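Just below is one structure, and these are the notes that go with it.
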Protein chains: 2
Amino acid sequence: MKISTEMLKGVLEGIVLQIISEGETYGYEITKNLNDHGFEDVVEGTVYTILMRLEKQQLVTVEKKKSSLGPARKFYQLNDAGQQRLTLFWKHWTFLTAQMDHLKEDHHV
Amino acid sequence: MKISTEMLKGVLEGIVLQIISEGETYGYEITKNLNDHGFEDVVEGTVYTILMRLEKQQLVTVEKKKSSLGPARKFYQLNDAGQQRLTLFWKHWTFLTAQMDHLKEDHHV
DNA sequence: ATTAGCTACTATGTTTTACTATGTAGCAGT
DNA sequence: ACTGCTACATAGTAAAACATAGTAGCTAAT
């Protein structure tokens, strides 16, 4: 299923943070990961802009490593600020889903 | 709690659709409703732009009625297209939350 | 009657975010 | 040499929610 672009806004950054938190990874891999796990239409360009944003906000550390396959990869890792941001993201997400659940239930009451 | 602006994008329109589907209502009331139910920081301007959008997309019918209290109100009701859109919205939302749940779980596995 | 305060809708401009589209470049296998 | 996959980068666009301001009706107190 295709998730509407707008519904991803503000969520995708959190998703990327979560993926990075699960272990050092790089842009291309993240994109594949997303595409294979329900976010079919997220393209490289989108992921790279998010990664740049994260770097700019100093939520991640970056390390360039040579690859055995193709050009060098930029590996990302969460730093403390990134971890905190991720925690905050899940907090917001949990709150939002709770509100949405109420809204949905009310309809049937 | 304050939900980040960006996280609301693409969701708020669905929320407004849901609220309208629960019974004829108008902009000002919708805003109050939102503010009282977890969406504290949504302002009138935002709601009215959404309502205009819904009207433009012909998802709602509009009826102006005099109020005993203040100026006339524009009452909104979902039409068939609006109902379909709402159903689609919940479908997308459910799918997204499912993906997010997987993502969250994977972390702890 | 005039002001203040709540109700109610409208309009303009800004910011953020994801997408489209395109380009660059390394390396492997044929 | 050429194709295809890997990998990163970026300029431009569109959509959505926001801030802000304005218009206007009605009620009640002064």
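The values are calculated or read from the model by the stated rules, or taken from the named source; none is laboratory data. For clarity, every value in this text was computed on a predicted model and none was experimentally measured. Here the Cβ positions follow ideal geometry from the backbone for every residue, glycine too, while neighbour counts run over all protein chains shown. Remember, those area values only see protein heavy atoms, side chains included, never the ligands or the DNA or RNA. Shrake-Rupley method; radii C 1.70, N 1.55, O 1.52, S 1.80 Å.
Listing for the model above:
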| read-out | value |
| --- | --- |
| Residue within region B:39-52 that is within 12 Å of chain A (Cβ to nearest Cβ), touching a Lys or Arg at 6+ places or on another chain (Cβ under 7 Å) and either near DNA strand D (Cβ under 8 Å from one of its atoms) or not in a helix (DSSP H, G or I) (or both) present | yes |
| Hits in region B:8-49 - residues which are surrounded by fewer than 18 Cβ atoms within 10 Å (Cβ to Cβ) and touching an Asp or Glu at 6+ places or on another chain (Cβ under 6 Å) | B:Lys9 |
| Test result for A:Thr25, polar (S, T, N, Q) and near DNA strand C (Cβ under 10 Å from one of its atoms) | no |
| Positions within region A:1-24 being farther than 15 Å from A:Gly38 by Cβ, part of a loop (DSSP other than H, G, I, E, B) and more than 8 Å from chain B (Cβ to nearest Cβ), in sequence order | A:Gly23, A:Glu24 |
| Single match in B:Leu34, B:Leu54 (criterion: within 20 Å of A:Leu103 (Cα to Cα) and either among the hydroxyl-bearing types (Ser, Thr, Tyr) or in contact (Cβ under 8 Å) with a residue 24 or more places away in the chain (or both)) | B:Leu54 |
| Tally of residues being near DNA strand C (Cβ under 9 Å from one of its atoms) and either assigned to a helix (DSSP H, G or I) or farther than 30 Å from B:Leu88 by Cα (or both) across region B:53-64 | 1 |
| The listed residue being surrounded by fewer than 12 Cβ atoms within 10 Å (Cβ to Cβ) and under 15 Å from B:Leu96 (Cβ atoms), out of A:Lys66, A:Lys2 | A:Lys2 |
| Number of positions in region B:72-105 that are under 26 Å from B:Tyr26 (Cα atoms), over 16 Å from the mean Cα position of the chain (by Cα) and exposed (fewer than 13 other Cβ atoms within 10 Å of the Cβ) | 2 |
| Of all residues making up region B:1-57, the number that are farther than 26 Å from A:Lys2 by Cα and basic (Lys, Arg) | 2 |
| Qualifying residue in region B:39-51 (condition: of a type in the set (A, V, I, L, M) and farther than 24 Å from A:Thr94 by Cα) | yes |
| Within region B:50-62, tally of residues that are within 30 Å of A:Ile50 (Cα to Cα) and open to solvent by less than 30 Å² (accessible area, probe 1.4 Å) | 1 |
| Of residues in region A:69-85 being free of Cβ contacts under 8 Å to residues at least 12 places away in the same chain and more than 8 Å from DNA strand D (Cβ to nearest atom), the one nearest to the other protein chains (Cβ to nearest Cβ) | A:Gln84 |
